[in-house]
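**Q** Quick one: the structure is below, questions incoming.
Please treat every number below as a calculation from the coordinates, not as lab data. Nothing here was measured: the structure is a model prediction, and the numbers come from that model. Note that we place each Cβ from the backbone using ideal geometry, even for glycine, and neighbour counts take in every protein chain shown.
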């Protein structure tokens, strides 16, 4: 049975944003860490769609929203905080960031990345993570972190319905 990821389906994206921001607030309160206005604003920008965003794109978006330029180190510090708290993931192949739909749970970051429309679909597949660990163990390798990034086409782009992509 085929399951269409939320990133590839028509949905009210405002719920993705509001759920992510509320989860972030609660998580930070519970951990006793400070979710500043800038950190919250960066997280909100990242969650505006299911497409990974680079730091310089975020800086441009912040400049438009704030009518003042935000220095690169400031944005990188906000991204580092969000990464440390598990609120976002870094997609290495794109040098970009995407929101994490389950920030309260420690998990590996595995993604399907559409080369046509740019969405990234986070995979929640513990069996895949275990298989990687098993293969590494068989090779005598100690895994410290996992990140799998698979490029291809999302279901909409693969069927020629890229204009119907509902990622915004």
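**Q** Counting other C-beta atoms within 10 Å, which of 44, 144, 122 has the fewest, and how do the rest follow?
**A** 144, 44, 122
**Q** For the chain, with a Gaussian network of springs between Cα atoms less than 10 Å apart, report the residue from 50, 15, 110 with the top mean-square fluctuation.
**A** Most flexible of the set in this elastic network: 15.
**Q** With viscosity set to 1.306 mPa s at 10 °C, what whole-number translational diffusion coefficient in µm²/s follows for the chain from Stokes-Einstein and a Kirkwood radius over Cα pairs?
**A** D = 93 µm²/s.
**Q** So for 132, 88, 29, fewest C-beta neighbours within 10 Å to most, what's the order? Spell out each step's value before the answer.
**A** Details: 132 15, 88 27, 29 11.
Least to most surrounded, the residues fall as 29, 132, 88.
**Q** For the chain, what is the relative contact order in percent, using Cα pairs closer than 8 Å and at least 6 residues apart in sequence?
**A** 26 percent
**Q** Turning to a different aspect of this structure: Considering the chain as a Gaussian network with a 10 Å cut-off on Cα pairs, which listed residue, 92, 49, 156, attains the greatest mean-square fluctuation?
**A** 92
**Q** So for the range 20-168: antiparallel DSSP bridges make up what percent, rounded to the nearest 5?
**A** Of those bridges, close to 60 percent are antiparallel.
**Q** What are the semi-axes of the equivalent ellipsoid for the range 68-166, taken as the square roots of 5 times the Cα gyration tensor eigenvalues, largest first, in whole Å?
**A** Working: eigenvalues 127, 107, 27 Å².
Largest first, the range 68-166 gives 25, 23, 12 Å.
**Q** Any idea how far the Cα center of the range 11-75 sits from the one of the range 102-161, in Å?
**A** So the separation of the two Cα centres works out to 23 Å.
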